[in-house]
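Have a look at the structure below before the remarks.
The values are calculated or read from the model by the stated rules, or taken from the named source; none is laboratory data. In this text the structure is predicted, and so the values were computed from the model without any measurement. Note: ideal-geometry Cβ built from the backbone for every residue, glycine included; neighbour counts use all protein chains shown. Calculation scope for accessible area: heavy atoms of the full protein, side chains included, ligands and nucleic acids excluded. Shrake-Rupley method; radii C 1.70, N 1.55, O 1.52, S 1.80 Å.
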Amino acid sequence: MSNPAPIELVCPAGGLPALKAAIDNGADCVYAGFKDDTNARNFNGLNFDDNTLREGIRYAHERRAKVLIALNTYPQTENWARWTAAVDKAADFGVDAVILADIGLMDYARRAHPDLRLHLSVQGSATSYEAINFYRERYGIQRAVLPRVLSLAQVEQVVKNTPVEIEVFGFGGLCVMVEGRCALSAYATGTSPNCNGACSPGKAVRWEQTPQGMETRLAGILIDRFADGERAGYPTLCKGRFEVEDATYYAIEEPTSLNTLELLPQLMAMGIRAIKIEGRQRSPAYVAQVTKVWREAIDSCQKDAAHFTPKAAWMAELNKVSEGQSHTLGAYNRPWK
Amino acid sequence: MKLSLGPNLFYWPRQATLDFYAEVATLPFDLVYLGETVCSRRHELRAEDWLDVAVQLAGAGKEVVLSSQALIESESDLKALRRLVDNGRFAVEANEMGAVRILAEKKLPFVAGMSLNVFNAHTLGLLADMGATRWVMPPEAGRETLAGVLAGKPPGVQTEVFAYGRLPLAWSARCFTARRFNLQKDTCEFKCVEFPDGMLVKTREHEEFLVLNGVQTLSAKTYNLLREIPQLAAAGVDIVRLSPQWQGLADVAGAFRRALDGEAAQLAGDYCNGFWHGKPGLELVENT
């Protein structure tokens with residue numbers, strides 16, 4: 001493993017304090033969204049208005065960091081103008097790239113702002129080089145974010161067969177489903193990640209202490225029940241315990257976070273250009289902590305990939321902020337599938 | 001409006017599959033979509049077997065379309081996709097953008113499948129320019145989204161709506177059927193063949209919620225837009241899609257055929273129709 005390609009650390013900025021925390025702790029890029037359903041983290045109290053965006057871009061650019069704006073939900077005909085206005089705004093404010101999923105919006109962005117750099121969002125569900133090359137040839141995308149479904153060998157196959165820069169998720173909440181291909185939340189709650197930019201929304205959540213234990217519900221549906229002493233997690237639909245063929249278990253996935261720190265040398269060697277940290281809905285303290293660990297790890301790996309091992313202290317820090325205080329390699333490790 | 005049968009999302013034994021399509025040839029479908037769209041490991045029917053079924057159905061007067069796999073992971077998935085595109089006779093339903101790229105490069109007309117996420121007229125127009133002659137609305141979209149897309153629909157493009165069956169809600173790389181039996185995907189023993197309508201997921205209150213079908217997750221409830229047929233017709237839908245189920249498809253097809261012909265038709269069951277009405281998908285909206 002010699003001369004690994006430079007790899008960018010892309011960190012979440014749910015607001016201005018998180019943006020500053022990311023950049024202060026060594027993020028090369030931050031990604032952010034506007035305060036509406038044009039992005040896939042459309043949560044109350046998150047995201048940027050004109051003032052915070054201007055300040056965030058100034059703060060980032062003065063420190064040679066980049067600001068990427070996620071406009072990665074699917075516009076509908078009746079609200080189309082709001083998505084194109086969001087693209088215009090991002091371009092006018094001088095962001096470094098926009099992250100898009102809908103080809104209609106990509107086509108608009110390319111025509112209206114030919115110099116604006118386009119990234120393909122994970123919400124575009126592109127898992128093969130054929131799909132990624134499609135977006136490059138048609139809309140000139142320069143980077144693609146891979147859904148969290150490919151094994152390491154499959155990721156490498158993609159990288160080898162496309163000139164598009166590949167960005168992968170390194171750490172954070174784990175979507176088990178192919179992003180952009182999941183309507184579970186829409187089915188249960190009416191809130192669609194694809195169209196409304198949120199999954200398992202807080203407004204549909206109910207916590208109830210019952211004689212059987214703490215119950216968590218989503219739109220009335222029992223997602224999980226916790227015995228005394230068990231830590232009750234947020235009822236994300238795919239991370240509950242259900243009954244299947246006479247067994248009660250996490251039928252889809254445990255509450256756990258993705259952590260690929262130990263794969264860094266391999267990711268670098270295969271030419272991955274950016275590592276994304278999930279968590280725009282998390283606190284600035286989370287962003288600071290995770291960014292700091294990953295910055296150190298990337299620098300250490302870039303210096304000497306052959307002798308890189310994740311420090312126990314890094315893993316402990318990351319586990320502290322992981323869902324369920326545990327982590328997984330997810331699909332990168334084939335047996336997970 | 002025409003009646004179509006979508007690709008079978010479940011995994012059935014070879015003979016059962018062949019028997020099923022022999023029956024489909026006699027049912028009042030105008031179009032039939034064929035092929036394995038969920039999992040590349042499934043092999044009861046090989047590519048050439050699917051082509052045989054296609055030829056038989058075409059001989060029975062059905063318009064046949066071959067559907068592509070929705071989640072492409074490996075080089076062998078891509079090889080299978082290229083073979084499908086090069087079948088030389090039947091149109092292909094593209095279920096991810098890699099298929100669109102290959103079809104458009106060869107200047108072949110195609111059907112834009114439901115997982116391409118067409119939610120607006122601009123996107124449909126671009127796909128039409130690439131060769132899409134038909135689009136299938138994502139099931140999570142409803143009549144308002146449809147009206148929006150159709151207001152700006154390019155001429156000559158047909159609209160198809162998923163109108164009956166367990167709703168395909170999500171795809172993963174993980175096989176949830178194998179997971180239930182503590183098997184790894186690569187050595188899954190093809191457990192999903194034992195669950196011809198999927199494996200039921202209940203809440204801990206025994207409420208039927210979802211079904212697991214290998215790497216796919218579907219609704220436990222059956223989506224049913226039979227009563228909404230007049231609304232679909234008024235909205236400008238050209239094709240109404242039913243999804244294969246293990247038992248009783250003939251009755252369902254008959255009811256939909258009668259409804260399309262303007263006759264009275266009814267089906268009894270635990271149905272949902274929320275998505276069409278802009279509500280959570282699992283809801284049942286009594287007719288408006």
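Write down Rg/Rh for segment A:249-327, rounded to two decimals, with Rg from the C-alpha atoms and Rh from the Kirkwood relation over Cα pairs. Don't jump to the answer; show the numbers that get you there.
Working: Rg = 13.5 Å, Rh = 13.6 Å.
Answer for segment A:249-327: 0.99.
Quick check: the distance between the Cα centres of segment A:15-77 and segment B:1-39, to the nearest angstrom?
Cα centres, segment A:15-77 to segment B:1-39: 47 Å.
Please give the FRET efficiency for B:A268 paired with B:L200, using the beta carbon to beta carbon distance and R0 = 22 Å, rounded to the nearest 0.05.
For R0 = 22 Å, the calculated efficiency reads 0.65.
Any idea how far apart A:F43 and B:E105 come out in nm if each label point goes 7 Å out from Cα toward Cβ?
Rounded to a tenth, the inter-label distance reads 4.1 nm.
Counting DSSP beta bridges with both partners in the protein assembly as shown, what percentage is antiparallel, nearest 5?
Within the protein assembly as shown, antiparallel bridges account for around 40 percent of the total.
With +1 assigned to the C-beta of every Lys and Arg and -1 to the C-beta of every Asp and Glu, and no other charges, what is the dipole magnitude of the protein assembly as shown about the Cα centre in debye, to the nearest 20?
Once rounded to the nearest 20, the dipole reads 1080 debye.
Determine the sum of side-chain charges near B:P230: Lys and Arg each +1, Asp and Glu each -1, restricted to other residues whose C-beta is under 14 angstrom from that of B:P230.
Summing Lys and Arg as +1 and Asp and Glu as -1 gives 0.
For A:D92 paired with B:R41, estimate the spin-label separation in nm (one decimal), with each label point 7 Å from Cα along the Cα-to-Cβ line.
Label at A:D92, label at B:R41, 5.2 nm between them.
Go ahead and collect, in residue order, the members of segment A:85-111 whose backbone nitrogen is under 17 Å from a label point 7 Å along the Cα-Cβ direction of A:D50.
So the set is A:85-95.
Report the extension gain between A:K303 and A:M214 in nm, rounded to one decimal, defined as 0.36 nm multiplied by the number of residues separating them, less their alpha carbon distance.
27.2 nm
In the calculated pair distance distribution of chain A, what percentage of Cα-Cα distances lie above 30 Å?
Tail of the P(r) past 30 Å holds 34 percent of the pairs.
If you average the alpha carbon positions of segment B:172-209 and of segment A:215-274, how far apart do those two centres end up, in angstrom?
16 Å
Compute the Cα gyration tensor for segment A:88-188, then decide on rounded, prolate or oblate, letting a ≥ b ≥ c be the square roots of its eigenvalues: rounded whenever a/c is under 1.5, prolate when a/b is larger than b/c in the other cases, and oblate in all that remain.
Because a/c hits 1.5 or more and a/b fails to exceed b/c, segment A:88-188 counts as oblate.
Report, largest value first, the span of the C-alpha coordinates of the protein assembly as shown along each principal axis, in whole Å.
68, 60, 48
Could you tell me what % of all Cα pairs in segment B:124-216 have separations over 16 Å? If you can, show how the numbers build up before the last one.
Working: 2850 of 4278 pairs.
Roughly 67 percent, once rounded to a whole number.
Mind scanning A:K89/A:K203; A:K276/B:K191; A:K203/B:K279 and naming the pairs with a C-alpha gap bigger than 24 Å?
The answer is A:K89/A:K203; A:K276/B:K191.
Please compute, for the alpha-carbon atoms of chain B, the extent along each of the three principal axes and give them in descending order in Å.
Principal axes ranked by extent give 52, 49, 35 Å for the Cα atoms.
To the nearest 100 Å², how much accessible surface do chains B and A cover up together, summed over both, with a 1.4 Å probe? Display every interim value, and only then the final one.
On the way: alone 13390 and 14990 Å², together 22560 Å².
Approximately 5800 Å², summed over both chains.
Would you work out the charge dipole size for segment A:193-250 about its Cα centre, treating the Cβ of every Lys and Arg as +1 and the Cβ of every Asp and Glu as -1, and quote it to the nearest 20 debye?
Computed charge dipole of segment A:193-250: roughly 340 debye.
Which of rounded, prolate, oblate describes segment B:23-131, given a ≥ b ≥ c as roots of the alpha-carbon gyration tensor eigenvalues and a/c under 1.5 marking rounded, otherwise prolate only if a/b is larger than b/c? Let's see the in-between values first.
On the way: a/c = 1.79, a/b = 1.26, b/c = 1.42.
It comes out oblate by the Cα gyration axes.
Using a Cα-Cα cut-off of under 19 Å, which lysines could be cross-linked to A:K160, ignoring same-chain neighbours fewer than 8 residues away?
B:K79
Would you calculate the separation in nanometres between label points at B:K79 and B:E207, each defined as 7 Å from the Cα along the Cα-to-beta-carbon direction?
It is 4.7 nm.
Within 10 Å of each Cβ in A:239-248, how many Cβ atoms from other chains are there, averaged over the peptide?
Working: counts 0, 4, 2, 9, 10, 11, 10, 0, 3, 3.
Shielding by partners across A:239-248 averages 5.
For segment A:181-209 and segment A:141-162, what is the separation of their C-alpha centers, rounded to whole Å?
Measuring centre to centre over Cα atoms gives 28 Å.
Count the DSSP beta bridges whose two residues both fall in chain B, then state the antiparallel fraction as a percent rounded to the nearest 5.
35 percent
Equivalent-ellipsoid semi-axes (√(5λ), Cα gyration tensor) for segment A:193-250, whole Å, largest first?
21, 15, 9
From the helices alone, meaning DSSP H stretches of at least four residues, give me the mean residue ellipticity at 222 nm for chain B, per-run term -39500 (n - 2.57), in deg cm²/dmol to the nearest 500.
Numbers: 9 runs with 87 residues, N = 288.
After summing the helix terms and dividing by the residues of chain B, the value is -9000 deg cm²/dmol.
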